[in-house]
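Take a look at the structure below.
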Amino acid sequence: MQLINVLRYWLTASIVLSAATPLSLAFALPSDRKQPISIESDRAQRNDKTGLTIYQGAVNIVQGTIHIKADKVTVQAVGNKVSMIVSTGTPAHYQQQPEPDGGLITARANTIEYHLDKDVITLIKNASLSQDGSTLKGDRINYDLKKELVEARGDITGKQRIQMIIPPSQQKKDDN
């Protein structure tokens, strides 16, 4: 499923945020991981005792085709290993061009969490994920990287349901 691949590429963005730590770049694309990382924010704070780094105020992170915009980005490390990265905004944005001739991947949500220790990515509140005209929207989108399982749901009130849009060019054709 193409959206599973879209979520897999979000890993690259979270790895970008942890560049100052010895986290493996195995999931990063070769063209992006060879690029310098630029992080801009109004302020940043690092607490070595707690392992918490916080970037605040119009956070803009760029590495190659990866571009993250958020009001706040928090990186939690245990020892020298990043365990969780959280981007928040109204909404927080992530985009990447995974292949030179591939479509742009965009993810948006009020909160984008990546739990490295659990291999789970979660888009929370006003979540959307798009590539090549395919779009998945919901109140919450979870992707378990180990199980390769995507779950989307509407809000708890039932007023916002999930929405999946698949353009005609990507629908499987019947050979009969």
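The values are calculated or read from the model by the stated rules, or taken from the named source; none is laboratory data. Note that the structure is predicted; figures quoted are calculated from it, not measured. Virtual Cβ from ideal backbone geometry, glycine too; neighbours counted across all protein chains shown. We work out accessible area using only protein heavy atoms, side chains counted, and drop any ligands, DNA or RNA first. Shrake-Rupley method; radii C 1.70, N 1.55, O 1.52, S 1.80 Å.
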> Does LYS34 meet the test of being open to solvent by 40 Å² or more (accessible area, probe 1.4 Å) and at pLDDT 85 or above?
Replying inline: no
> Do we find that GLN131 is within 15 Å of the chain's Cα centre (by Cα) and in contact (Cβ under 8 Å) with a residue 40 or more places away in the chain in this structure?
Replying inline: yes
> Which of the residues spanning the stretch 121-151 are open to solvent by 70 Å² or more (accessible area, probe 1.4 Å) and farther than 19 Å from GLN96 by Cα?
Replying inline: LYS125, ASN126, LYS146, LYS147, GLU148, LEU149, GLU151
>> Out of everything in the stretch 95-110 that is modelled with pLDDT of 85 or more and open to solvent by less than 30 Å² (accessible area, probe 1.4 Å), what residue ends up being nearest to VAL73 (Cα to Cα)?
In response: ALA109
>> Filter the stretch 57-67 down to the residues that are closer than 18 Å to GLN45 by Cβ and open to solvent by less than 60 Å² (accessible area, probe 1.4 Å) and list them by number.
In response: GLY57, VAL59, ASN60, ILE61
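From VAL78, VAL120, VAL73, VAL86, which residue is of a type in the set (Val, Ile, Thr) and out of contact with any strand residue (DSSP E or B) (no Cβ under 6 Å at 6 or more places or on another chain)?
Numbers: VAL120 fails: out of contact with any strand residue (DSSP E or B) (no Cβ under 6 Å at 6 or more places or on another chain); VAL73 fails: out of contact with any strand residue (DSSP E or B) (no Cβ under 6 Å at 6 or more places or on another chain); VAL86 fails: out of contact with any strand residue (DSSP E or B) (no Cβ under 6 Å at 6 or more places or on another chain).
Selected residue: VAL78, the only one of VAL78, VAL120, VAL73, VAL86 that is of a type in the set (Val, Ile, Thr) and out of contact with any strand residue (DSSP E or B) (no Cβ under 6 Å at 6 or more places or on another chain).
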>> When you scan the stretch 72-93, do you find a residue that is at pLDDT below 90, open to solvent by 90 Å² or more (accessible area, probe 1.4 Å) and of a type outside the set (Val, Ile, Thr), even just one?
In response: yes
